[in-house]
Amino acid sequence: MSTRALLRRPGPRLAEGLLTHLERTPVDLDLAARQWDAYAAALEREGWELYEVEPADDCPDAVFVEDTVVVYGGLAVITRPGAEQRRPETAGTEEALRGLGLGVVHITEPATLEGGDVLKHGGTVWVGVGGRSDVPGAAQLAGHLDPLGARTVPVPIGPDGPVLHLKSAVTVLPDGAALGFEPHVVDASPWESFLAVPEESGAHVVLLGGQRVLMAESAPQTRALLEERGLEVVAVDISEFEKLEGCVTCLSVRLRG
């Protein structure tokens with residue numbers, strides 16, 4: 001199975017990125033650039049082939065490239081971000097994915113959908129609704145993916161919920177168990193198995209293949225918990241992106257198959 005990852009370098013306006021639940025604190029742009037390089041290098045060491053989306057220096061949040069698209073098999077669903085100022089980010093992502101030979105469809109107005117609200121595993125696609133992504137956006141996504149064999153499940157996160165996106169609260173482990181920080185999970189019932197973690201940033205993992213996962217260095221207790229379950233953990237420092245409500249999932253789009 002081929003493994004490719006789409007990334008976009010942080011731009012000069014990164015520190016101006018949108019914030020919903022955090023107080024703004026200074027962002028070290030030089031450190032953020034080094035952390036991004038280390039994140040990309042970690043993926044490359046794990047066998048991922050990297051592709052960079054053209055920079056979007058006028059878009060502070062463009063480094064969080066995952067929000068601009070949902071990829072399922074050979075289809076790329078270009079999103080329509082709920083944050084209006086993020087909508088110009090999608091053009092570069094679409095160009096990159098067309099260049100990689102993927103089919104492209106779009107979420108169309110007035111619906112909204114951001115990739116950070118879409119969690120996929122084993123043919124099931126959970127879509128967080130109520131925040132940046134709405135019910136019509138989830139319905140449009142289902143219309144694109146259900147014919148491909150996906151089962152799309154809306155999950156409420158609420159406009160005043162404790163997190164920005166669904167994947168800010170929940171991701172899944174290789175065996176399909178949900179991993180989440182309970183105070184941020186509005187409803188855990190969509191998952192048959194749910195593992196509560198002791199740290200907020202511990203809820204975010206990227207599946208690297210086999211029993212290997214990528215997570216943030218800021219969750220050492222969760223790392224130990226996952227290693228006790230037999231997982232091999234690759235940890236990276238993304239502190240500057242965490243200041244902007246970012247996590248390891250939103251810094252790349254993973255293409256499998």
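What follows draws every value from the coordinates through simple rules; no lab data is involved. Computed from a predicted structure; not experimentally measured. Glycine gets a Cβ as well: all are built from the backbone with ideal geometry, and neighbour counts include every protein chain shown.
Please state the relative contact order of the chain as a whole percent: Cα pairs under 8 Å, 6+ residues apart? Walk me through the numbers before you get to the answer.
Details: 549 pairs, mean separation 56.0, N = 257.
Computed over the chain, the figure is 22 percent.
Work out Dmax and Rg for the chain from the C-alpha atoms and quote the Rg first, both in angstrom.
Cα only, the chain: 16.6, 46 Å (Rg, Dmax).
What dipole magnitude, in Debye to the nearest 20, does the range 3-256 give about its Cα centre under +1 on Lys/Arg Cβ and -1 on Asp/Glu Cβ?
On the way: 21 positive and 39 negative charges, 134 e Å.
Dipole size: approximately 640 debye.
Quick one: work out Rg over Rh on the C-alpha atoms of the range 36-182, Rh as Kirkwood radius.
Working: Rg = 15.0 Å, Rh = 15.8 Å.
Over the Cα atoms of the range 36-182, Rg/Rh equals 0.95.
Label point 7 Å out from T20 along Cα-to-Cβ: which residues of the range 108-150 have amide N under 12 Å?
Residues passing the 12 Å test: 113-118, 128-134.
For the range 126-235, just run the numbers: alpha carbon Rg, then divide by 2.2 N^0.38 Å, N being how many residues it has. The partial results should precede the final answer.
Numbers: Rg = 14.5 Å, N = 110, 2.2 N^0.38 = 13.1 Å.
With N residues counted in the range 126-235, Rg over 2.2 N^0.38 Å equals 1.10.
About its Cα centre, how strong a charge dipole does the range 118-207 have in debye, to the nearest 20, once Lys and Arg get +1 and Asp and Glu get -1 at the Cβ? Don't jump to the answer; show the numbers that get you there.
Working: 4 positive and 9 negative charges, 59 e Å.
Result for the range 118-207 is approximately 280 debye, rounded to the nearest 20.
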